[in-house]
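Working notes, beginning with the structure itself.
The values are calculated or read from the model by the stated rules, or taken from the named source; none is laboratory data. For clarity, every value in this text was computed on a predicted model and none was experimentally measured. Glycine gets a Cβ as well: all are built from the backbone with ideal geometry, and neighbour counts include every protein chain shown. For the accessible areas, the whole protein counts, side chains as well, though only heavy atoms, and no ligand, DNA or RNA atoms are used. Shrake-Rupley method; radii C 1.70, N 1.55, O 1.52, S 1.80 Å.
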Amino acid sequence: MQKLEQLQRKVQNAEDLQSIVRTMKVMASIGIHQFEDAVDALGDYYDTLERGLQVVLANEFSEAGPFLSSDDEGSAGIIVIGSSQSLCGPFDETILTYAQKKIIEDENKEASFFVLGERLSGYLKSDGVSIDRQFILPGSAGGINSLVLELLAGIEEWQTQQEIRTIMILHNKPEE
């Protein structure tokens, strides 16, 4: 009889755990939708800003070369974007594999690195990649602005102090 009670308790614990996991998945899904909405809004904002800048700056800087270039002068900076969200292990592993491939292909192991996401940063450090700066990703869409400002300040620092002229951004891309 005691074994039956133990088994019933174990079954109940498993059902409770399944309920918790289901709740976590729903919460993660809600968070993902919030960021997808933010990405859509930022896309529209970017398009509007780019068109406006093209009109305003069309005549002013037509002869000036780009500040960032893809030639060999100056150093390279690589920004790798991961995730700090729970249940997103495959997201980080996918971008890690891609980043490792790009580092080897382009011989960029000595490049300067910014990494967004704690887990991804740990993975890259364990591969021997020297990371200039690690950024903590926001927990909600409200924190995106401050992260972007931090990132822009870091890029400006790269440009002025380390003469970085080429910046590569490595990130995951949603598939249909």
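Below, the figures for the structure above:
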item: Solvent-accessible area of residue 91 with every protein chain in place, 1.4 Å probe, in Å² to the nearest 10; result: 80
item: GluC sites (Glu not before Pro) lying in DSSP loop within region 101-141, provided at most 15 other Cβ fall within 10 Å; result: 107, 110
item: Theoretical gain in end-to-end length, residue 18 to residue 172 [0.36 nm per residue, Cα-Cα removed]; result: 52.5 nm
item: Accessible heavy-atom area order of 92, 40, 47, highest first, probe of 1.4 Å; result: 40, 47, 92
item: Potential extension, residue 49-residue 102 segment - 0.36 nm per residue separation minus Cα distance; result: 16.0 nm
item: Heavy-atom accessible surface of region 130-176: percent carbon and sulfur, 1.4 Å; result: 50
item: With all protein chains modelled, accessible area of residue 156 [1.4 Å, Å²]; result: 110
item: Whole-angstrom gap from region 8-49 to region 115-176, using each part's C-alpha centre; result: 23
item: Accessible surface of residue 137 - all protein chains present, 1.4 Å probe, nearest 10 Å²; result: 40
